[in-house]
Amino acid sequence: MRIFDPHIHMTSRTTDDYEAMRAAGILAVVEPAFWTGQPRTNPGSFADYFDSLIGWEPFRAARFGIRHHCTLALNPKEANDPRCTPVLDLLPGHLAKDQVVAVGEVGYDSLTPQEDHALETQLQLAVDHGLPVLVHTPHRDKEAGTRRTLDVLRDSGIDPGMVLIDHLTELTVAQVADTGCWMGFSIYPDTKMDARRMVRILAEHGTDRMLVNSAADWGRSDPLATRRTAQAMLDAGFTTDQTDQVLWRNPVAFYGQSGRLVLPDDTHDPGDSTSPPPGQDPAATYLGNSILRGR
């Protein structure tokens, strides 16, 4: 089994997570820029964070045989802080980097005018850079937030096939299913979806344009949620081809539209997934430090 987690925040995870993910068949990930919990007070904080997603985190992932890409954006929550809005002016330089496969997470948190501005601005940046867009639907007022998101997307003129609307549930999937946008589901304990509910949605709506992610972050979350969902699909009678479509081919097709997606060489035959990739030694040290240093 090969798995691509299209939305996971590895900055908040440990190397043990990387090791367990690789052993479970997770060969590639996309890490969206997000709100990290502590409010940021200036654009420089974002610049350093973006650089870490472009440089350090791919280096750390590669030591465990996982290919790491990212999406960059001013997230909806911090779009409401006037100290952070200048990040919109910083983004073009970062979006030109090879590791960046989409603009995101964009969307809504509290449905404010400030979030309207950030979403509209970043949709245009995505069009200007020829990149897909990862859209966050709000945790509160999710149905209203999804409707408003679809209205803004329609008015923007962006190609729906370049848009992934994430954090959908049983209450919102029908709104998106006929729009031509891709549909994302986060398998996240307590607050979003679980594997059994996901299987029911797939049985009702099919596997086309469907992506499943863990959204694992600082909170109570599971970096192996994609693997558990794949097993739940097989247990429910989905074929190995359908499982591969949802867990691998769909995220590859969506993010591949960036022209920047680079996949591991062993995606068709993971083989001994517990072994480090050639030339990488997770046990190596540097001047007594437990991890190698990037550039």
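Which of Arg249, Arg63, Arg197 moves the most in a Gaussian network model of the chain with Cα springs under 10 Å? It is Arg197. The relative contact order of the chain, computed from alpha carbon pairs under 8 Å that lie at least 6 residues apart in sequence, is 22 percent. Evaluated with a Cβ-only charge set (Lys, Arg +1; Asp, Glu -1), the range 1-137 carries a dipole of roughly 460 debye about its Cα centre, given to the nearest 20.
Mean-square fluctuation check for the chain, GNM, Cα pairs under 10 Å: which of Arg228, Arg60, Arg220 is largest? In this elastic network of the chain, the residue with the biggest mean-square fluctuation among Arg228, Arg60, Arg220 is Arg220.
Helices in the chain, meaning DSSP H runs of at least 4 residues, each add -39500 (n - 2.57). Divided by all residues, the mean residue ellipticity at 222 nm is -10000 deg cm²/dmol. Taking the chain as a Gaussian network of alpha-carbon nodes connected by springs under 10 Å, the highest mean-square fluctuation of the residues Thr121, Thr207, Thr14 belongs to Thr14. Cross-link reach is defined here as a Cα-Cα straight distance under 25 Å, omitting same-chain residues fewer than 8 places apart; for Lys142 the lysines meeting it are Lys77, Lys192.
Taken as entire DSSP H runs, the helices of the chain that both span 18 Å or more between Cα atoms along their own long axis and average -1.0 or more on the Kyte-Doolittle scale are 113-129.
Taken about its Cα centre, the chain carries a charge dipole of roughly 360 debye when the Cβ of each Lys and Arg holds +1 and the Cβ of each Asp and Glu holds -1. The dipole here belongs to the range 64-143: it is taken about the Cα centre, uses +1 on the Cβ of Lys and Arg and -1 on the Cβ of Asp and Glu, and is about 320 debye. Database remark: amide H of Ala102 closer than 5 angstrom to the amide H of Leu72 (H placed geometrically; neighbours at sequence offset of 5 or more, or on other chains; Pro and chain starts carry no H).
What aspartates and glutamates sit close enough to Lys97 to cross-link, taking a C-alpha to C-alpha distance under 19 Å and skipping anything fewer than 8 places away on the same chain? Answer for Lys97, where 19 Å is the Cα cut-off: Glu31, Asp48, Asp51, Glu57, Asp89, Glu105, Asp128, listed by chain and number.
The numbers here are math on the coordinates, done by the rules we state, and not lab data. Given the structure is predicted, the values throughout are model-derived calculations rather than measurements. Don't worry about glycine lacking a Cβ; one is built from the backbone with ideal geometry, like all the others, and counts go over all protein chains shown.
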